[in-house]
Amino acid sequence: MKSITIYTGPLCNFCDAAKRLLTRNNAEYKEINIATTDGAMDEMIKKANGRRTVPQIFFDEQHIGGYDDIRALEKENKLQELLK
């Protein structure tokens, strides 16, 4: 299974939804809160090609995107293949 990292922020409903989606798909992930982790915001922006919104989700070093992106992958039955 791939290493999954999700950058989150406080009081973020889309972050919570993304974490639930990953859990529902039996995916373990590392959460990095950009509000409480030094340098995380700058790191996320750099890795996500300038995107500043949370969540930002990565499988290994592949940028998946935000909640809408990962939800679309699930709806299209492509998420499980990416999780392998």
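Each value in this text was obtained by applying a stated rule to the coordinates, not by laboratory testing. Treat the numbers as computed from the prediction; the structure is a model and nothing was measured. Here the Cβ positions follow ideal geometry from the backbone for every residue, glycine too, while neighbour counts run over all protein chains shown.
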Amide H to amide H under 5 Å from ASN33: which residues, 5+ apart in sequence or cross-chain, H placed 1.01 Å off N in plane?
THR8
Quick check: from the Cα gyration tensor, does the chain come out rounded (a/c under 1.5), prolate or oblate?
prolate
I'd like the GluC sites (Glu not before Pro) in region 11-84 restricted to DSSP loop residues with at most 11 other Cβ atoms within 10 Å, sorted by number.
GLU28, GLU61, GLU76
For ASP38 and ASP68 in the same chain, what is the full-extension length gain: residue separation times 0.36 nm, less their Cα-Cα distance, in nm?
8.2 nm
Whole-angstrom gap from region 1-30 to region 45-69, using each part's C-alpha centre
12
Residue-count net charge about MET44 - beta-carbon cut-off 10 Å; Lys, Arg +1, Asp, Glu -1:
+2
